[in-house]
Structures are given as C-alpha cells and as structure tokens.
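Student: Structure incoming, see below.
Only the coordinates and a few stated rules stand behind these numbers; no lab work does. Small disclaimer: the values here were computed from a predicted structure and weren't measured. Cβ placement follows ideal geometry from the backbone for every residue including glycine, while neighbour counts extend to all protein chains displayed.
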Amino acid sequence: MEYVVVDFEWNQSPYGKNASNKYLPFEIIEIGAVKLNEEGEEIDRFEEVIKPKVYRKMHHVTRNLTGITEKDLNRGRIFPKALVDFMCWCGDDFMFCTWGNLDLLELQRNMKFYHLEDLLIGPIRYYNVQKLFRILYDNENSAASLEYAVDFLKIGRRGSFHRAINDAEYTAEIFALMDKQEIEKWYTVDYYQNPKTRKEELKLVYETYFKYISKEFASKEAAMADREVRTTRCYKCGRPALKRIRWFSGKSRCYYCLAECAEHGYIRGKIRLKKTDEDKVYVVKTLRQIDEEGAQRIVAMKEEVRQKRQEKRHREEDHEG
C-alpha cells in the first residue's frame, strides 16, 4: 500500500458569508500531494492550480496567506479535469494522509458540487497526521500547527507554508518519521459520506475509546429514541454497561451519559448529532473508559444542567406572574 499525503488550498466568497454558495462555501484552488511507499520514501508528487468557477476573485485573507493571485488561478485547470487526473495518479491501493481533518471534507464537498462523488466512495479511512503528532510527540498540544510540528521535529524550513505542495511535503516528512505499527492503531474515518442504512453503520474500536457512526434519521428526536444509539455496551468486553446517569443534553450541544461495566468500571458516553446536506440527521457516539474523577465531572455537569433549567423555569413563572 502507498500513502498519498495531500493538502488543498481553498478560496471563499470575498463579499462575506451572505454571498457564499451554500453548496460550496470553500472552493479548492490548489492541490498538492506527495506519494510515499510503505517505507515512507517519496516516489512521486502531484501539483495543480485550479481555475475557479464560483469564487473568481480572491478573498483577501486567502491571497495574503497563500500568495496566489487571480492571474495564477486563470492559468489553472478546471476542477473536474484536475480531479480526474489526481484520482488516477493516486492509484488503486493507497491511504490518504492529511494535516488535520478539513482537507478530505472540502475535497468531497467540491466533488459533490461537480457530481463526481463516485470517484471517491466514503466513508474514507485515512491518517490525520496532526492527531498522530499529538499522540506520539506532544500530547498537550491538541491543535498544533504544521509550522510548530516542523520546528518541534527539527525538520528544517525550506519552502513557504500555505502552498499546497509545500504543506504536503512537510506533512509527508513528519509522517515518514512515525512508527508505522503504532500509527495503525490510530487511523481516522471521515464520514462526510455518512452511512445511510443500518447495514452501513460504523463501529470503530480503538485502544482507548469506541466510536459509532449511525445511519440517517429524519429528526433529532428519532435519532435519540433509537435503541442502538442509546446503548452503552462496554467496548472492551462487549457486555452491557449499567447506566448510572441517562443521556442528557450537556455542553457544546452534545449529549452525555455515565455507565458502569462490572469488569472495566466507568464509561462516559458522548453523542454529537450531525446534519447532512439534505437535512437528515446522523449520530457520532463515543464511549470512553474514565476514572472516578471523570465520573464525578459527569455528575457535576448533570447537576449544573438541572440547576440552569430550574432557574429558567422560575424566571418564566415570575414573568408570567
């Protein structure tokens, strides 16, 4: 298997969010990719500037960040032709590697805009090199920049950052330094092309947590009423875990619960509800083993939510009175 380390630069509406195309808020204007073999050696690279269809004028932030001008873009190729060449270049047996989790999302959104989704069927299994950097090198820095990682690993700066081929090259150098047996435990799945049916649902077991991506539902209420969504089976032994605190709406618009496995102790459940482009709903649920201190944090969050609801109810009663 080969590794395609890819980076995209994209533009957005220079006239503000209200003038943005809701089907394509970010339009890819540059593709840069480095291909590595199984030993982490570079065997090829791909570079292409894209002539835009939606945002022909550069947003000032994008122009200042990348140095790309409208003149450069006008010399580029249109996205469908560049994309077909890129996917052919990737080959049949490869795995994407990116810095962060946005590149593949925007790639698929651009592909969908041009009705090219069939060239890359999802959900997509890939390596998030930023996440791997945190796990392997700098556990305290959850959102390390590529520049920071390059300096941290003393790779040496050559080309400027925020150009697709340069960022892909830096990311490839970082990835090549990593222990391949170790990173195999920490692959990521992009689910922009989310499961549609129960049969397509994803259940991913990692060393320290479990992730479940559900099928689509018509509404939030239907999703939260689903038995598979609400279950808290222990991901270590497969046995049902007894709920100590049932699912409740907590911080960051997420749902939380606290369960306990007789063998493996406390398990924190977290549910994020995601909307598709077609206004359907699907669930991303994580189950993670926690200690007594972590369990008490869930208890405290539940109590804080209860108190806020009680205060709100009292204010409404006072207002009516």
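Student: Viscosity 0.890 mPa s, temperature 25 °C: give me the Stokes-Einstein translational D for segment 94-214 in µm²/s, with Rh taken as the Kirkwood radius over C-alpha pairs.
Tutor: After rounding, the answer is 155 µm²/s.
Student: Then there is this: Between Tyr192, Tyr23, Tyr256, which gets the highest mean-square fluctuation from a Gaussian network model of the chain, Cα cutoff 10 Å?
Tutor: Most flexible of the set in this elastic network: Tyr23.
Student: Another question, then. Where the centre of each part is set by its Cα atoms, how far does segment 45-107 sit from segment 244-321, in angstrom?
Tutor: About 39 Å separates the Cα centre of segment 45-107 from the one of segment 244-321.
Student: Give me the dipole magnitude in Debye, nearest 20, for the chain about the Cα centre, with unit charges on the beta carbon: positive for Lys and Arg, negative for Asp and Glu.
Tutor: Once rounded to the nearest 20, the dipole reads 1640 debye.
Student: Okay, moving on. What number in nm² do you get for the chain if you take the convex hull of its Cα atoms and divide its surface by four?
Tutor: Approximately 20.3 nm², given one-decimal rounding.
Student: Could you sort out which of Lys196/Lys285; Lys35/Lys81; Lys131/Lys196 sit more than 18 Å apart by Cα distance in this structure?
Tutor: Lys35/Lys81; Lys131/Lys196
Student: Additional query: Obtain the nm distance between the two label points defined at Arg288 and Val305 by a simple spin-label model: each point lies 7 Å from its Cα along the Cα-to-C-beta direction.
Tutor: 1.6 nm
Student: Shifting gears a bit: Is there a quick way to get the dipole size of segment 10-116? I mean about its Cα centre, with the Cβ of Lys and Arg at +1 and of Asp and Glu at -1; what is the value in debye to the nearest 20?
Tutor: Charge dipole, segment 10-116, about its Cα centre: 1100 debye, nearest 20.
Student: Between Rg and the Kirkwood Rh of segment 62-108, both from Cα atoms, what is the Rg to Rh ratio?
Tutor: Rg/Rh for segment 62-108 comes to 1.03.
Student: Follow-up question, since we're still on this one. Rounded to whole Å and ordered largest first, report the semi-axes of the equivalent ellipsoid of segment 2-186 derived from its Cα gyration tensor (root of 5λ).
Tutor: In descending order the semi-axes read 27, 19, 15 Å.
Student: Name the trypsin sites (Lys or Arg not before Pro) in segment 1-105 that are in a loop by DSSP and that have at most 13 other C-beta atoms within 10 Å, would you?
Tutor: Here the trypsin sites (Lys or Arg not before Pro) that fit, given the DSSP loop and packing criteria, are Lys22, Arg56, Lys57, Arg75.
Student: What is the list of residues in segment 1-27 whose amide nitrogen lies under 17 Å from a point 7 angstrom out from the Cα of Arg77, following Cα to Cβ?
Tutor: 7-9
Student: Here is a follow-up. What's the long-distance tail for segment 194-310, i.e. % of Cα pairs beyond 25 Å?
Tutor: Roughly 23 percent, once rounded to a whole number.
Student: For Glu42 and Lys280 in one chain, what is 0.36 nm times their gap in residues minus the Cα-Cα distance, to one decimal in nm?
Tutor: 81.6 nm
Student: With unit charges on the beta carbon (Lys/Arg positive, Asp/Glu negative), name the residue among Asn74, Tyr114, Trp99 whose Cα is farthest towards the positive pole of the charge dipole of segment 69-125.
Tutor: Value computed over the given set: Asn74.
Student: Do the sum for the chain: with -39,500 (n - 2.57) for every DSSP H run of n ≥ 4, divided by all residues, what is the mean residue ellipticity at 222 nm, to the nearest 500 deg cm²/dmol?
Tutor: -9500 deg cm²/dmol
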